[in-house]
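Asks: So that we are looking at the same thing, I have put the structure below in structure tokens.
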Amino acid sequence: MTTPPSRRIHLSVPHMGAHELAYVREAFATNWLSSVGPNLDAFEADFRDLMSGLPCVALASGTAALHLGLRLLGVGPGDEVLCPSLTFVASTNAVRYLGAEPVLVDSERTSWNMDPALVAEALAEGRAKGRLPRAVVVVHLYGQSADLDPILEVCAEYGVPVLEDAAEAAGTHYKGRQVGGMAPLGVFSFNGNKIITTTGGGMLVGHDEAQIAKARFWSQQARDPGIAYEHSELGYNYRMSNVLAGIGRGQLEVLEARVQARRAVAARYEQAFADLDGLALMPEAPWGRHTRWLSVFLVDERRLGASRDALVAALARDDIESRPVWKPMHMQPLYAAARRYGGVVAEDLFARGICLPSSSSLTAEEQDRVIAGVRAACGARGQSRGVATSSSPEGACAR
Ligand SMILES: *Cc1c(COP(=O)(O)O)cnc(C)c1O
């Protein structure tokens, strides 16, 4: 009568800890089933601890947090906002929600994030033309911090505020500190595929209590004080529910364990592919801790003997999900007309990057299947249990 376990291996699945359900039950038992309640208060307090005491507000999604954060920075119609081209579309969509246009900046190769030199170039050119961007969105991709210091420095020099899109970066460190709190505003996502999840949700973090209070106000339809439904400002229905905040409380308790598990997954892939000359794990930049939210590899088709797309297709035939790296925004129909600074690095990472199954709940047996699938696709001799073979130093795949 029981259904057989699915053979399908997904890219990144939710992984609950021991306490989420208890917090959710508590919400049901006490009937706090709306957008106020003890789970919300506790989740925000716990997140505040993670952020070394910075105020924060729990929201319906990371996208909602980006929207409110950019509005707090005064982004509006006719403005330009610098964004990395290599990101998930939500980063730039939030700019458009406010009637502004993203200006797309290429990545550097050390972390795959926004290139500080190009940010400096864009700001210098903006000043020369008398048109500075209203804000800069810096993204921490796949669990790795951008090189924040030079970006924050040059932006401070020009008086342009920065928002950190840390949607993929809970647990990510820059110079020993959690990212998302270094700029005036930071955004996190708890979508179902992220390293911790509330099924759907987000967090906006800031340095100014009044700003975060304003975002909280906007997130609840901007209803003015008093019992009448009076509104002087435009609001949104963006608040997180007390039920989902209960999931968030439990997930925060296991964040560090999830980081360690994901890093172990990446390390095991790296070891298993050590003899493959044309397959390289995304670098870990010297300035921080990569959580390996996703295990991302770069394919060198000539040396590996298989293309990225061939790997994706071969894995799919074995019911294993893998994905290309994010398609850069300047290659998207939606943003094809956007101004940009460079783009060839992002294009190369997109063309050759592959995200492998990376769940913190991935079993060794499942990971062995992924490893075997990759090795078979490039014609490498099999190896067992993810232990690197020592046969050929150049790798069986090398041509
Ligand atoms: C997931 C993600 C978002 C959006 O978060 P949601 O909670 O899904 O709305 C924004 N930016 C980046 C870089 C993301 O990966």
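Asks: Kindly indicate whether ALA94 is under 21 Å from LEU334 (Cα atoms), out of contact with any strand residue (DSSP E or B) (no Cβ under 7 Å at 6 or more places or on another chain) and either surrounded by 20 or more Cβ atoms within 10 Å (Cβ to Cβ) or assigned by TED's automatic domain parsing to the domain that holds TRP287 (or both). Talk me through it step by step, then tell me what you get.
Replies: Working: under 21 Å from LEU334 (Cα atoms): yes; out of contact with any strand residue (DSSP E or B) (no Cβ under 7 Å at 6 or more places or on another chain): yes; either surrounded by 20 or more Cβ atoms within 10 Å (Cβ to Cβ) or assigned by TED's automatic domain parsing to the domain that holds TRP287 (or both): yes.
So ALA94 fits the description; yes.
Asks: Does segment 258-273 include one or more residues that are more than 16 Å from the chain's Cα centre (by Cα), outside any helix (DSSP H, G or I) and not assigned by TED's automatic domain parsing to the domain that holds SER107?
Replies: yes
Asks: May I ask you to list the residues in segment 44-78 that are within 17 Å of ILE247 (Cα to Cα) and within 11 Å of the ligand (Cβ to nearest atom)?
Replies: Of everything in segment 44-78, those that are within 17 Å of ILE247 (Cα to Cα) and within 11 Å of the ligand (Cβ to nearest atom) turn out to be LEU59, ALA60, SER61, GLY62.
Asks: Enumerate the pairs (first residue in segment 48-65 and assigned by TED's automatic domain parsing to the domain that holds PHE217 and part of a strand (DSSP E or B); second residue anywhere and near the ligand (Cβ under 8 Å from one of its atoms) and not hydrophobic (A, V, I, L, M, F, W, C)) with beta-carbon separation below 8 Å, excluding pairs fewer than 6 apart on the same chain, so at least 6 apart or on different chains.
Replies: Short answer, once both residue conditions are applied: ALA58/GLY201; ALA58/GLY202; LEU59/GLY201; LEU59/GLY202.
Asks: Out of curiosity, is LEU141 over 30 Å from LEU234 (Cα atoms), touching a Pro at 6+ places or on another chain (Cβ under 8 Å) and of a type in the set (A, V, I, L, M)?
Replies: Yes, satisfied.
Asks: Sticking with this one: Output the residues belonging to segment 138-168 that are hydrophobic (A, V, I, L, M, F, W, C) and not in a loop (DSSP other than H, G, I, E, B).
Replies: Once the filter is applied, which keeps residues that are hydrophobic (A, V, I, L, M, F, W, C) and not in a loop (DSSP other than H, G, I, E, B), segment 138-168 yields VAL138, VAL139, LEU141, LEU148, ILE151, LEU152, VAL154, CYS155, ALA156, VAL162, LEU163.
Asks: Sticking with this structure for a sec: Being in a helix (DSSP H, G or I) and touching a residue at least 24 places away in the same chain (Cβ under 8 Å) is the filter; apply it to segment 314-330 and report the residue that is nearest to ARG96 (Cα to Cα).
Replies: Quick first cut of segment 314-330, residues in a helix (DSSP H, G or I) only: 314-317, 329-330.
From the residues that got through so far, the ones that are touching a residue at least 24 places away in the same chain (Cβ under 8 Å) too are 314-315, 329-330.
Working: ALA314: 37, LEU315: 36, MET329: 13, HIS330: 14 Å.
Among those that are in a helix (DSSP H, G or I) and touching a residue at least 24 places away in the same chain (Cβ under 8 Å), it is MET329.
Asks: Taking the options ALA245, ALA266, ALA272, name whichever one is in contact with a helix residue (DSSP H, G or I) (Cβ under 7 Å, 6 or more places away or on another chain), buried (at least 22 other Cβ atoms within 10 Å of the Cβ) and more than 24 Å from LEU21 (Cα to Cα).
Replies: Going through ALA245, ALA266, ALA272 in turn, the sole match is ALA272.
Asks: Here's something else I'd like to know. Go through the residues of segment 5-28 one by one and say whether even a single one is among the aliphatic types (A, V, I, L, M), surrounded by 18 or more Cβ atoms within 10 Å (Cβ to Cβ) and closer than 17 Å to GLY248 by Cβ.
Replies: So far as segment 5-28 goes, yes, one or more of its residues are among the aliphatic types (A, V, I, L, M), surrounded by 18 or more Cβ atoms within 10 Å (Cβ to Cβ) and closer than 17 Å to GLY248 by Cβ.
Let's see how each residue does on (1) closer than 15 Å to GLY180 by Cβ; (2) assigned by TED's automatic domain parsing to the domain that holds LEU298; (3) within 14 Å of the ligand (Cβ to nearest atom):
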{"residue": "ARG109", "(1), (2), (3)": "no, no, no"}
{"residue": "TRP112", "(1), (2), (3)": "no, no, yes"}
{"residue": "ALA117", "(1), (2), (3)": "no, no, no"}
{"residue": "LYS129", "(1), (2), (3)": "no, no, no"}
{"residue": "LEU132", "(1), (2), (3)": "no, no, no"}
{"residue": "VAL137", "(1), (2), (3)": "yes, no, yes"}
{"residue": "GLN144", "(1), (2), (3)": "yes, no, yes"}
{"residue": "CYS155", "(1), (2), (3)": "no, no, no"}
{"residue": "VAL162", "(1), (2), (3)": "yes, no, no"}
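Asks: Go over the candidates ARG381, ARG399 one by one and state the one that is modelled with pLDDT under 95, over 21 Å from ARG268 (Cα atoms) and assigned to a loop (DSSP other than H, G, I, E, B).
Replies: Criteria check complete, one pass: ARG399.
Asks: Would you pick out the residues in segment 180-195 that are within 12 Å of the ligand (Cβ to nearest atom) and farther than 15 Å from GLU44 by Cβ?
Replies: Result: SER189, ASN191, GLY192, ASN193, LYS194, ILE195.
Asks: With the structure loaded, tell me whether GLY171 is more than 11 Å from the ligand (Cβ to nearest atom) and in a loop (DSSP other than H, G, I, E, B) or whether it fails that test. Spell out the reasoning first.
Replies: On the way: more than 11 Å from the ligand (Cβ to nearest atom): yes; in a loop (DSSP other than H, G, I, E, B): yes.
Criteria met by GLY171.
Asks: With respect to the numbered conditions (1) more than 18 Å from the chain's Cα centre (by Cα); (2) away from the ligand (no atom under 14 Å from the Cβ), which one is the sole condition not fulfilled by LEU82?
Replies: Exception for LEU82: condition (1).
Asks: Sticking with this structure for a sec: For segment 88-100, how many residues meet the condition of being assigned to a helix (DSSP H, G or I) and among the small types (Gly, Ala, Ser)?
Replies: Narrowing segment 88-100 to residues assigned to a helix (DSSP H, G or I): 90-97.
Narrowing the set further to residues that are among the small types (Gly, Ala, Ser) leaves 90-91, 94.
The total comes to 3.
Asks: What single numbered condition from (1) assigned to a helix (DSSP H, G or I); (2) within 16 Å of the ligand (Cβ to nearest atom); (3) outside the structural domain of PRO357 (by TED's automatic domain parsing); (4) farther than 21 Å from VAL136 by Cβ fails to hold for ALA215?
Replies: (4)
Asks: Filter segment 101-131 down to the residues that are crowded, with 21+ Cβ neighbours inside 10 Å and in a loop (DSSP other than H, G, I, E, B) and list them by number.
Replies: Of everything in segment 101-131, those that are crowded, with 21+ Cβ neighbours inside 10 Å and in a loop (DSSP other than H, G, I, E, B) turn out to be ASP106, SER111, TRP112, ASN113, ASP115.
Asks: Follow-up. Would you confirm, using the coordinates I've provided, whether ALA215 is farther than 21 Å from GLY201 by Cα and not basic (Lys, Arg)?
Replies: Criteria not met by ALA215.
The values are calculated or read from the model by the stated rules, or taken from the named source; none is laboratory data. Just so we're clear, the structure is a prediction, and the values are computed from it rather than from any experiment. Backbone-built Cβ (ideal geometry, glycine too); neighbour counts: all protein chains shown.
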